[in-house]
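Novice: Can you keep this structure in mind? I'll have questions shortly.
The values are calculated or read from the model by the stated rules, or taken from the named source; none is laboratory data. On a predicted model such as this, the values are computed, not experimentally measured, just so you know. Reconstructed Cβ throughout: ideal geometry from the backbone, glycine too, with neighbour counts over all protein chains shown. Quick note on the areas: whole protein, heavy atoms, side chains included, nothing else; ligands and nucleic acids left out. Shrake-Rupley method; radii C 1.70, N 1.55, O 1.52, S 1.80 Å.
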Amino acid sequence: MSNSENKIIITNFTDPVCTWCWGTEPIFRKLETHFPGKVEFRFVMGGLVKDAHEMMDPANGIGSTDLTQFNRQVAAHWKEASARHGMPVDAENFDLFDEEHRSTYPQNIAYKAAQMSNPDKADLFLYNMRVAAAAEARKISHEDVLVSIASESGLDVESFLTHFKDGSAEKAFHGDMWLISGVGAHGFPTFLIKYNSSQYMLRGYNRYETFVAVINSATQGSVKPVDVEATQENLSMLMEKHPRMAAEEIRQAFDFGTVEQVKDFLAPMVEAGQLEIQNAGNGWFAKRISQGMTCDLTAGICQ
């Protein structure tokens, strides 16, 4: 982990299946581009759904022991949320919960296993879990799907599975939930924003402007956002860390007015074979295409 002195540390109390956490990804991209090198994100797992049979969210019309109906209710909420936050969802095919998979705890534990096996790739694994659940309607509560996502994210699958199954990742997850209880983060997303000795908490989905206002207060105006130029070079630099991004993430990161403007901006890179467009759910992603294959002879992985 990098030296956090004089950095803005944003701790996100979250769950891989939280739609408003998914919707916050574009705001994180904008914070990264507008506060370059100043913001560090940390993720603490909260366990949104212990048991779908017991999950009640009447404000969003969610709550049924009939899991087919429960899935429909969740999908309808995600579709409604997508209209606000702009991130892709596949509400038509969402079918995450069944009688053998009634919890999101396995996904939370999987993130902790990723942290323990490949800490530098764990956040990408979390992002890819969000993509799989929200935009691709994959059953990320199933172990084989989690293993597939781990492999896609470049994790050491053997190490990942060891931590996932031997109780160490589960213990770390319970440590996260204990931390969440201690700070009073009762819903997701919740954000703890720290700068040296100053700290603030934001609850729920918040706009970029709210984060900027809190950062301004925490830093007493000493850290301000910078203007960002939409260039292929700047996008390529961002995609070194985020090799796949939704249109809305790119739109916010580079201050485009519309998604159509994003598509026009990407067109030369798509035509040059540097990027590919992946349709998913009600939206699309831009994915970086590797310009040369490198192989890890020890791991036996080429990418």
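Novice: How fast does segment 83-132 diffuse by Stokes-Einstein, in µm²/s, taking the Kirkwood radius from C-alpha pairs at 20 °C and 1.002 mPa s?
Specialist: 170
Novice: Also, I was wondering about something else. Rounded if a/c is under 1.5, else prolate if a/b beats b/c, else oblate: with a ≥ b ≥ c from the C-alpha gyration tensor eigenvalues square-rooted, which is segment 1-44?
Specialist: Since a/c reaches 1.5 but b/c is at least a/b, the shape of segment 1-44 is classed as oblate.
Novice: Moving on. Pull out the extension gain between Thr65 and Lys171, defined as 0.36 nm times the separation in residues minus the alpha carbon to alpha carbon distance; nm, one decimal.
Specialist: 35.3 nm
Novice: Under a point-charge model restricted to the Cβ atoms of Lys and Arg (+1) and Asp and Glu (-1), what is the dipole moment magnitude of segment 135-241 relative to its Cα centre, in debye to the nearest 20?
Specialist: 600
Novice: Just the C-alpha atoms of segment 101-231: what Rg/Rh do they give, with Rh taken as the Kirkwood radius?
Specialist: Checking Rg against Rh, the ratio lands at 1.04.
Novice: GluC sites (Glu not before Pro), restricted to segment 47-93: which are DSSP loop and have at most 16 other Cβ atoms within 10 Å?
Specialist: Glu92
Novice: ³J(HN,Hα) across segment 127-132 via Karplus (A = 6.51, B = -1.76, C = 1.60, θ = phi - 60°), whole Hz, x for Gly/Pro?
Specialist: 4, 5, 5, 4, 4, 4
Novice: On a full-extension model of 0.36 nm per residue, what is the gain between Trp178 and Glu143, subtracting their alpha-carbon distance, rounded to one decimal in nm?
Specialist: Taking 0.36 nm per residue and subtracting the Cα distance, the gain is 10.1 nm.
Novice: Also, quick follow-up: Any idea what diffusion coefficient the chain gets from Stokes-Einstein, in µm²/s, Kirkwood Rh on alpha carbon pairs, 25 °C, 0.890 mPa s?
Specialist: Using the Kirkwood radius from Cα pairs, D works out to 122 µm²/s.
Novice: Using a 1.4 Å probe over the heavy atoms of the protein chains, calculate the carbon and sulfur portion of the accessible area of the chain as a whole percent.
Specialist: After summing per-atom areas, the C and S share lands at 48 percent.
Novice: In whole Å, largest first, what are the principal axis extents of the Cα atoms in segment 1-122?
Specialist: 49, 32, 23
Novice: Report, as a whole number in µm² per second, the diffusion coefficient that Stokes-Einstein gives for segment 141-199 at 20 °C and 1.002 mPa s using the Kirkwood radius over alpha carbon pairs.
Specialist: Once the numbers are plugged in, D ends up at 154 µm²/s.
Novice: Still on this model: What is the mean projected area of the alpha carbon convex hull for segment 149-303, to one decimal in square nanometres?
Specialist: Directional mean of the projected Cα hull area for segment 149-303 stands at 13.0 nm².
Novice: Filter Lys112/Lys287; Lys171/Lys194; Lys79/Lys263; Lys139/Lys224; Lys7/Lys287; Lys224/Lys263 down to the pairs with a C-alpha to C-alpha distance above 32 Å, please.
Specialist: Check vs 32 Å cut-off fails for Lys139/Lys224.
Novice: Fully extended, how many nm does the chain gain between Val270 and Asp98 (0.36 nm per residue separation, minus their Cα-Cα distance)?
Specialist: Answer, rounded to one decimal: 58.0 nm.
Novice: Evaluate E = 1/(1 + (r/R0)^6) for Tyr200 and Arg84, where r is the Cβ-Cβ distance and R0 equals 22 Å; express this FRET efficiency to the nearest 0.05.
Specialist: With a Förster radius of 22 Å, E is 0.40.
Novice: Right, next: Positive end of the charge dipole of segment 23-72 (Lys, Arg +1 and Asp, Glu -1 on Cβ, about the Cα centre): tell me which of Gly23, Met45, Gly63 has its Cα farthest that way.
Specialist: Highest projection toward the positive end goes to Gly23.
Novice: Compute the accessible area per residue over segment 176-282, keeping the other protein chains in place, probe 1.4 Å, unit Å².
Specialist: Per-residue value: 54 Å².
Novice: What dipole magnitude, in Debye to the nearest 20, does the chain give about its Cα centre under +1 on Lys/Arg Cβ and -1 on Asp/Glu Cβ?
Specialist: With Lys and Arg at +1 and Asp and Glu at -1, about 840 debye.
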